[in-house]
Amino acid sequence: MTKPRLRFGIFMAPFHPEHENPALCLQRDLELVQWLDELGFDEAWIGEHHSAGYEIIGSPEVFIAAAAERTRKIRLGTGVSSLPYHHPFILADRIRQLDVQTRGRAMFGVGPGALPTDAFMMGIDPLTQRDRMLEALRAIVPLMRGETVTMKTDWFELREAHLQLRPYSAEGVEIAVANQVSPAGARAAGEFGLSLLSLGATTTGGFNALATTWGICEERAKEFGQSVSRSGWRLVAPMHLAETREQARADVRFGLAAWGRYFREIAALPLVPEGGSIDDAIEAMIASGMAVIGTPDDAVAQLERLEKQSGGHGAFLQLAHEWADRRATHKSFELMARYVMPRLQGTNDLREKSLGFALENRQRILSSAGGAVLKEIQKHATEQQAKQSAGTTPSA
């Protein structure tokens, strides 16, 4: 009863093949977030990308504003805002507006920017991106905490800058730093006392890094006099669920090949093996542990594996991918909500205890209940007999 509740959500880039209607793609993305809200998912993180034609949300803030109007409870975050692409004051002000506009449901994910073509088109040297992320955080964190900031770097300047809106709640907006294989994200989260988004948690490098990631974050936090909590640590990995393993494999033949081509040729991440059939690729992804393409039981096993490797985290985010069509994708998330989330959150512990008690004590309970029924029958019969006797008694 005292164990922290594991939260569930998605990390949506999003990924859409270049031959599809982008307006319909974005509509599907909004419908998915709305469906997750109905299913009881906790969070949805929305990406920022500006090139290569596949990840088509350039402004997560615009998307979040629309999604917030369609949902009731799910929290919505930028996943992630690429800090070197923005003036820190403008970005902080936009996030503060989202915080107020969504009445406290906004979250702020940050990173250095991961898509090579984005940095190229903006003339940004990739070697400077992580340093610029840290410089931006040194401005954004105090701004979001209500401080006045004067600061000058070689790419932005602030003069007595302060935000004009108060946060919606006393806690303010949660800020989370993206982290992959390198320790840069964990170090930044520790330095500023922020949350952590571990992307690619089931890739070989990402999974191995989980064993040391939190220790790096805590050590850095101690060095800078900050505090961090595992509750703010989120792990991201892909899954697709169906009622059988065979059905799950059949579902993902719809879109997995195009997704794999994008990562190999554009994002320079060979997440799907090249060569061979699509079935060979599916089996390789499953065998490596990178993806779950199977049943709710397979998902539970993966989550237990991640729990053991990480030592504990606060949330699991499924990488939204559209490997399957809309119907099968929605069904996958429904299976997650119906069968996986309750097992990891302990939702049904007391129900199972109550059912077990009823089964174990069935004879005793039914015997007592049966005795009570028999007693009432006998009571009624006695009363009726008394009435009949009174009706046949001669009057004086």
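The values are calculated or read from the model by the stated rules, or taken from the named source; none is laboratory data. Nothing here was measured: the structure is a model prediction, and the numbers come from that model. Counting neighbours? That spans all protein chains shown, and the Cβs are built from the backbone with ideal geometry, glycine included.
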**Asked** Which residues, counting only those in the range 1-55, are basic (Lys, Arg) and out of contact with any Pro (no Cβ under 9 Å at 6 or more places or on another chain)?
**Response** Lys3, Arg5, Arg7
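Taking Glu304, is it among the acidic types (Asp, Glu) and part of a loop (DSSP other than H, G, I, E, B)?
Working: among the acidic types (Asp, Glu): yes; part of a loop (DSSP other than H, G, I, E, B): no.
No.
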**Asked** Looking only at the range 310-330, which residues are assigned to a helix (DSSP H, G or I) and surrounded by fewer than 18 Cβ atoms within 10 Å (Cβ to Cβ)?
**Response** Arg326, Arg327, His330
**Asked** Just to be sure, is Val340 assigned to a helix (DSSP H, G or I), surrounded by 14 or more Cβ atoms within 10 Å (Cβ to Cβ), of a type in the set (Val, Ile, Thr) and in contact with a Pro (Cβ under 8 Å, 6 or more places away or on another chain)?
**Response** yes
**Asked** When you look at Gly123, is it small (Gly, Ala, Ser), assigned to a loop (DSSP other than H, G, I, E, B) and either touching a residue at least 24 places away in the same chain (Cβ under 8 Å) or not assigned by TED's automatic domain parsing to the domain that holds Phe89 (or both), yes or no?
**Response** no
**Fill in**
Of Ile10, Ile56, the only residue that is among the β-branched types (Val, Ile, Thr) and surrounded by fewer than 21 Cβ atoms within 10 Å (Cβ to Cβ) is Ile56
**Prompt:** Residue check: is Ile74 surrounded by fewer than 24 Cβ atoms within 10 Å (Cβ to Cβ), of a type outside the set (Ser, Thr, Tyr) and touching a His at 6+ places or on another chain (Cβ under 7 Å)?
**Reply:** no
**Request:** Please enumerate the residues belonging to the range 126-148 that are of a type outside the set (D, E, K, R), more than 15 Å from Ala189 (Cα to Cα) and either without any contact (Cβ under 8 Å) to a residue 40 or more places away in the chain or not assigned by TED's automatic domain parsing to the domain that holds Val177 (or both).
**Result:** Pro126, Leu127, Gly146, Thr148
**Prompt:** Take the residues of the range 211-239 that are in a helix (DSSP H, G or I) and among the aliphatic types (A, V, I, L, M): which is nearest to Lys308 (Cα to Cα)?
**Reply:** Ala211
**Prompt:** Within the bounds of the range 354-373, is there any residue that is out of contact with any Gly (no Cβ under 6 Å at 6 or more places or on another chain), assigned to a helix (DSSP H, G or I), charged (D, E, K, R) and exposed (fewer than 10 other Cβ atoms within 10 Å of the Cβ)?
**Reply:** yes
**Fill in**
Of the candidates Leu91, Leu137, Leu115, Leu83, the one satisfying the condition of being more than 25 Å from Met336 (Cα to Cα), touching a His at 6+ places or on another chain (Cβ under 7 Å), crowded, with 20+ Cβ neighbours inside 10 Å and not small (Gly, Ala, Ser) is Leu115
**Request:** Taking Gly294 as the residue in question, decide whether it is crowded, with 16+ Cβ neighbours inside 10 Å and in the same structural domain as Arg261 (by TED's automatic domain parsing).
**Result:** yes
**Asked** Restricting attention to the range 118-157, and to residues there that are among the small types (Gly, Ala, Ser) and closer than 19 Å to Glu174 by Cα, which single residue is nearest to the chain's Cα centre (by Cα)?
**Response** Ala136
**Prompt:** Does any residue in the range 158-170 that is more than 15 Å from Gln101 (Cα to Cα) come within less than 6 Å, Cβ to Cβ, of a residue that is in a loop (DSSP other than H, G, I, E, B) and hydroxyl-bearing (Ser, Thr, Tyr) six or more places away or on a different chain, and which pairs are these?
**Reply:** Glu160/Thr148; His162/Thr148
**One residue from Ala161, Ala188, Ala184, Ala176 being small (Gly, Ala, Ser), at pLDDT below 95 and either in contact with a Ser or Thr (Cβ under 8 Å, 6 or more places away or on another chain) or over 23 Å from Gly58 (Cβ atoms) (or both)** = Ala184
**Item:** Matching entry among Leu32, Leu91, Leu24 (being under 15 Å from Leu317 (Cβ atoms) and assigned by TED's automatic domain parsing to the domain that holds Pro112)
**Value:** Leu32
**Message:** Please return the ranges of helices (runs of 4 or more DSSP H) entirely within the range 240-291 where 2 or more residues are acidic (Asp, Glu) and surrounded by fewer than 20 Cβ atoms within 10 Å (Cβ to Cβ).
**Reply:** 278-288
